[in-house]
1. Between residue 162 and residue 114, how many nm apart are label points set 7 Å from Cα along the C-beta direction?
2. Express the C-alpha Rg of segment 100-173 as a ratio against the empirical globular expectation 2.2 N^0.38 Å, rounded to two decimals.
3. Which angle from 0 to 90°, rounded to the nearest 10, does the C-alpha axis of helix 50-63 make with the longest principal axis of the chain?
4. Taking Rh as the Kirkwood radius, which is the inverse of the mean 1/r over Cα pairs, what is the Rg/Rh value for segment 12-51?
5. Under 5 Å between amide hydrogens, which residues at least 5 positions from residue 88 or on another chain qualify, with H placed 1.01 Å from N in the peptide plane?
6. Fewest Cβ neighbours within 10 Å first, please rank 100, 78, 157 accordingly.
7. Can you figure out the FRET efficiency of residue 135 with residue 55, using R₀ = 22 Å and their beta-carbon distance, to the nearest 0.05?
8. Using the alpha carbons of segment 31-114, what is the convex hull volume per residue in cubic angstrom, as a whole number?
Amino acid sequence: MRSNRISTPRLELIAAAYEHLRAELESPEHLGALLHAAIEPGWPPGEYDRSAQEFFQDKMRDGGKAVEGWFCWYAIRKGTEQSPSVLIGAGGFFGPPNDKGEVEIGFSIMPAHRRHGYATELVNALVAWAFDDTRTTKIIARTTRGNTASCGIIKKKGFTQSDCAGNDLVYGLTKNEKTHEKA
């Protein structure tokens, strides 16, 4: 069974289980207790809103342990002697690989923690985790033209634009391109 935790230099990533999502919908403080992390006012960040939480909860309830990691991951900034661990963002996928081997990634960081490289660290870890599964051949990322931070992060990772429709941009990264990744 694959790990439901990923450790990076500054982050601890925890794959959401059904219990996490249920607790999060009850109250952010309940989620914080389960994750052993402080939750700052304003949680959840960006597009990771209540409807996304409910979507992930439904998928986790239906799929159980077999789909852990293919939906939400919590990004926790590791604590130090001077500061506690803090839940700073969420990221993940919209499900396991489809019949073409594709998954779609998404991520969101709390405003106070943006522009510190956490989203890049999160995306790097999630891309590696997804490509570690032999079924995954391509990762898709969707964003808007106005979201220059997200565009920059996914371009830096090596994603290339594959489509656009109005204000929406679609990027892709195939498994063989991953070997040429940038940090």
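Laboratory data are not the source of any read-out in this text; all were calculated from the coordinates shown. Because the structure is a prediction, the values reported are computed rather than measured. Neighbour counts are summed over all protein chains in view; Cβ atoms, including those assigned to glycine, are modelled from backbone coordinates with ideal geometry.
1. Those two pseudo-labels are separated by 2.6 nm.
2. Relative to the 2.2 N^0.38 Å estimate, segment 100-173 comes out at 1.09.
3. Helix 50-63 and the main axis of the chain meet at about 80 degrees.
4. So for segment 12-51, dividing Rg by the Kirkwood Rh gives 0.92.
5. 75, 76, 77
6. Sorted ascending by nearby Cβ count, the order is 100, 78, 157.
7. The computed FRET efficiency comes out at 0.55.
8. Here the figure is 114 Å³ per residue.
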